[in-house]
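Note sheet for the following structure.
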Amino acid sequence: MSPGKPKFYLTTPIYYTNGLPHIGHTYTTVVADTIRRYKRMRGYEVVMTTGTDEHGVNVERAAQKAGIPESAFVAKMAAEWRSLWDELGLTADEFVRTTDLHHVRTVQWLFRLCRENGYVYKGQYTGQYCIYDNAFVNDAKPGDDCPDCGRPTETITEENYFFKLSAFQKPLLDFYKKNPDFIQPESRRNEIVSFVEGGLKDLSITRTTVRWGIPVPGEEQHVFYVWFDALTAYLSAVGGPEFERRGMWPADLHLVGKDIIRFHTVYWPAFLMAAMQPVPKQVWAHGWFLMDAAKMSKSKGNVVLPRPIANRLGMDALRYFLLREVVFGQDGNFSYDALVTRYNSDLANGLGNLASRTAALVEKNFGGKIPKATERKPQDESLAKEVQSAIGDVLENYENLSFARALETIWGVIASADKYLTSEQPWALGNSEPEQARKAAVLWTTAELLRIVTVLGHPVLPASTEKVWALLGQTGSPAAVELDGLRWGQLAPGKQLGKAQALFPRVDKDEAVERIEAMANEELNPAPAAQSAKPAVGASPAGAAAAPQAAPEKIGIEDFAKVEMRVGQIKTAERIVGADKLLKLTVDIGTEIRQICAGIAQYYEPEKLIGRKVAVVVNLAPRKLRGVESNGMIIAAAVGPDGRPVLAGFPDEDVEIGSRLR
Ligand code: MSP
């Protein structure tokens, strides 16, 4: 720790490695990254931790399915998580893996302390067990089937270590009372307090039926079970048993989704109290991003991925949307339409337009040098006051994690600047001395407002505010500005503006959404040869270039056989409102009628398609295109430079519907 600086330690959850990050995980990490940047600008020494939760039965199974050892499986997944965060500019200071040796040591150390202090005992755990999957099924009752394989579960008893959670009812309630801000938001606090008031049962913290986990020292048949292992990662990341040396523990803030608040506010402080170690200061639970009102999952086909959005619109656009669209703490709906609408209105027309307009006016009237304001009219004064008071509001909102309100305030200031320019009309002023003076005052005022907006917006829009900063001719980075010293009036005249660069080019909504969806589909269902050819996130928001293609690889017949194609017949076809290129079709594939979307609307009249026989990929995972479920894919040739679709068909013979293509 640097002497003299207050410290701030914050964490995201450590993510499961049996899947890859979607927008929900990205949300937590974006929030953490924003706080990390904001706190640094307020003079804190900040450490942010993220990582991967790599043990347990799900990983055992996934590794088995992939035909590789667990350690290789998790190493690959952790590398993918880490590199995606890097690619998205979400770089934590610490990345902890639960298979790291220092984490293993920390878990064993914490367990030893809990045991020495009398809070751990051996007991019998009874639960419903699936003998086919070799796993206990949480929350199942006798007679229930396994939710994974659907076969009956059996009641099994095994010897486990238990943690005496029941002993912590009173200490926890006292702790919540003494630290009313520990659980945020307020509604979650009430929920947890009543849960604890209802009584706490002891907790089984080891398993003998799981193999892939951290062993209990000396009793290797026991491995730590999920939460005792996972939560401890926050401590491992900043020194483990030697945390005092690093000076970061206890955590100032654990950011979590609402689904895991109980583990963080009941189990975790209880484990630490039992071990007589410092307890974190605050746990903040945010809501979920929903897609069509449902939690995202790959099997539902409603997963939203961050990379395609970052590729088409820039990562700042995604950050802005996630933080602006929903009140932090509440659930929100994700929609591509809303995302692109906000991009165009708030970023392209709002901040982007103000920056380019200001720069163009300064360029034209003052040769690109920020003018000196020698007069101050009441309207200049009142704008200055508004901005000065916005600084205080924005900082307060950031401090309370009210990101939507902070951004609303900043964008209110941008709107005032637009109004100010419209009413002052600097472009209509001539070259007489008083008119020159007026122009100078208006443009200095606008540039000063832009400077302040840039600094205040930096934690949320790190990449684009760097560009505005350079455009304003400022040296260094807005990240280096101390927020507490930010005041109206600090913009020095005479600075030469930097080169203009595109900030947020306006996009065509349909084109952008279709492109993002196409990239997402490609990432979720990669063609075998393109598996390793994910498009990298473009440095520029316009970096919408097509995915780089991997050198074509040969595939075996067994790979081809995985794709099930059949002859289908189109039964109905209609256009989709708001999607110029898509048609919604129902297709008879012999065994059933499927709804399938096809990107052929610009080349095929829906009415003329009815009755037509087409080639259909029938075993593609269902996905949503512009909010419409598509369960399969119609095969078409992509012809010419713009890839005009031409449907594959069977003109020579009347083939039977449902016949397989080989
Ligand atoms: N491994 C545990 C956490 C252990 S922390 C010591 C875990 N992992 S997770 O990968 O399933 O989820 C991590 C976080 O992502 C959770 O906070 C969860 O709420 C969040 N999200 C997953 N889907 C989400 C949305 N659709 N929306 C917002 N966040 C959601 O739980």
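The values are calculated or read from the model by the stated rules, or taken from the named source; none is laboratory data. Every value quoted in this text rests on a predicted model; they were computed, and no experiment measured them. Positions of Cβ are backbone-derived with ideal geometry, glycine not excepted, and every protein chain shown enters the neighbour counts.
Quick notes
- Scanning the stretch 138-162 for residues that are under 30 Å from A270 (Cα atoms), under 32 Å from the mean Cα position of the chain (by Cα) and at pLDDT 85 or above yields a single hit, A140.
- For the stretch 241-278, residues that are under 13 Å from L165 (Cβ atoms) and not β-branched (V, I, T) total 10.
- Across the stretch 150-169, a minimum of one residue is classified as under 30 Å from H286 (Cβ atoms), in a helix (DSSP H, G or I) and out of contact with any Asp or Glu (no Cβ under 6 Å at 6 or more places or on another chain).
- In the stretch 317-332, the residues that are under 12 Å from the mean Cα position of the chain (by Cα) and of a type in the set (D, E, K, R): R319
- Selection within the stretch 311-330: residues that are part of a loop (DSSP other than H, G, I, E, B) and within 14 Å of the ligand (Cβ to nearest atom). The member of this set that is nearest to K509 (Cα to Cα) is V326.
- Enumeration of residues in the stretch 262-309 that are surrounded by 18 or more Cβ atoms within 10 Å (Cβ to Cβ) and among the basic types (K, R): R262, R307
- Out of E574, E592, one residue alone is touching a Pro at 6+ places or on another chain (Cβ under 9 Å) and of a type in the set (D, E). It is E574.
- Answer residue from the stretch 10-39, given it is of a type in the set (A, V, I, L, M, F, W, C), within 11 Å of the ligand (Cβ to nearest atom) and not in a helix (DSSP H, G or I) and is surrounded by the most Cβ atoms within 10 Å (Cβ to Cβ) among those: I14
- Against the numbered list (1) farther than 25 Å from V137 by Cα; (2) without any contact (Cβ under 8 Å) to a residue 40 or more places away in the chain; (3) assigned to a loop (DSSP other than H, G, I, E, B), L90 comes up short only at (2).
- Y44 among the hydroxyl-bearing types (S, T, Y) and more than 10 Å from the ligand (Cβ to nearest atom): yes
- Within the stretch 412-463, the residues that satisfy the criterion of being among the polar types (S, T, N, Q) and in a helix (DSSP H, G or I) are S416, T422, S423, Q436, T445, T446, T454.
- Taking the numbered list (1) away from the ligand (no atom under 13 Å from the Cβ); (2) within 18 Å of T232 (Cα to Cα); (3) under 24 Å from the mean Cα position of the chain (by Cα) in turn, W109 passes all entries but (3).
- Selection status of I131, surrounded by 14 or more Cβ atoms within 10 Å (Cβ to Cβ) and at pLDDT below 90: no
- Sub-9 Å Cβ pairs linking a first residue in the stretch 247-263 that is within 20 Å of M276 (Cα to Cα) and modelled with pLDDT of 95 or more to a second residue that is polar (S, T, N, Q) and within 9 Å of the ligand (Cβ to nearest atom), at least 6 apart or interchain, are A251/T11; L253/T11; H254/T11; H254/T12, ordered by first then second residue.
- Selected residue (only one of P185, P171 is within 16 Å of the ligand (Cβ to nearest atom), surrounded by fewer than 20 Cβ atoms within 10 Å (Cβ to Cβ) and touching a residue at least 12 places away in the same chain (Cβ under 8 Å)): P185
- Flag for T49 being among the polar types (S, T, N, Q), within 26 Å of E482 (Cβ to Cβ), within 11 Å of the ligand (Cβ to nearest atom) and buried (at least 24 other Cβ atoms within 10 Å of the Cβ): yes
- Summed over the stretch 136-167, residues that are without any contact (Cβ under 8 Å) to a residue 24 or more places away in the chain and buried (at least 16 other Cβ atoms within 10 Å of the Cβ) total 3.
- Those residues of the stretch 36-73 which are closer than 21 Å to S236 by Cβ and among the aliphatic types (A, V, I, L, M), in sequence order: V46, V47, M48, V59
Let's see how each residue does on (1) assigned to a strand (DSSP E or B); (2) in contact (Cβ under 8 Å) with a residue 12 or more places away in the chain; (3) within 24 Å of Y336 (Cα to Cα); (4) among the hydrophobic types (A, V, I, L, M, F, W, C):
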site: K571; (1), (2), (3), (4): yes, yes, no, no
site: K584; (1), (2), (3), (4): yes, yes, yes, no
site: T591; (1), (2), (3), (4): no, yes, no, no
site: Y604; (1), (2), (3), (4): no, yes, no, no
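- Here V340, V362 are screened, and the one residue that is under 24 Å from K624 (Cβ atoms), more than 16 Å from the ligand (Cβ to nearest atom), of a type in the set (A, V, I, L, M, F, W, C) and in a helix (DSSP H, G or I) is V340.
- Near pairs, Cβ below 7 angstrom, 6+ apart or cross-chain, from the stretch 287-299 (within 24 Å of D148 (Cβ to Cβ)) to any residue that is within 9 Å of the ligand (Cβ to nearest atom) and modelled with pLDDT under 80: W288/K295
- Test: residue in the stretch 618-640 that is surrounded by fewer than 18 Cβ atoms within 10 Å (Cβ to Cβ), basic (K, R) and assigned to a strand (DSSP E or B): no
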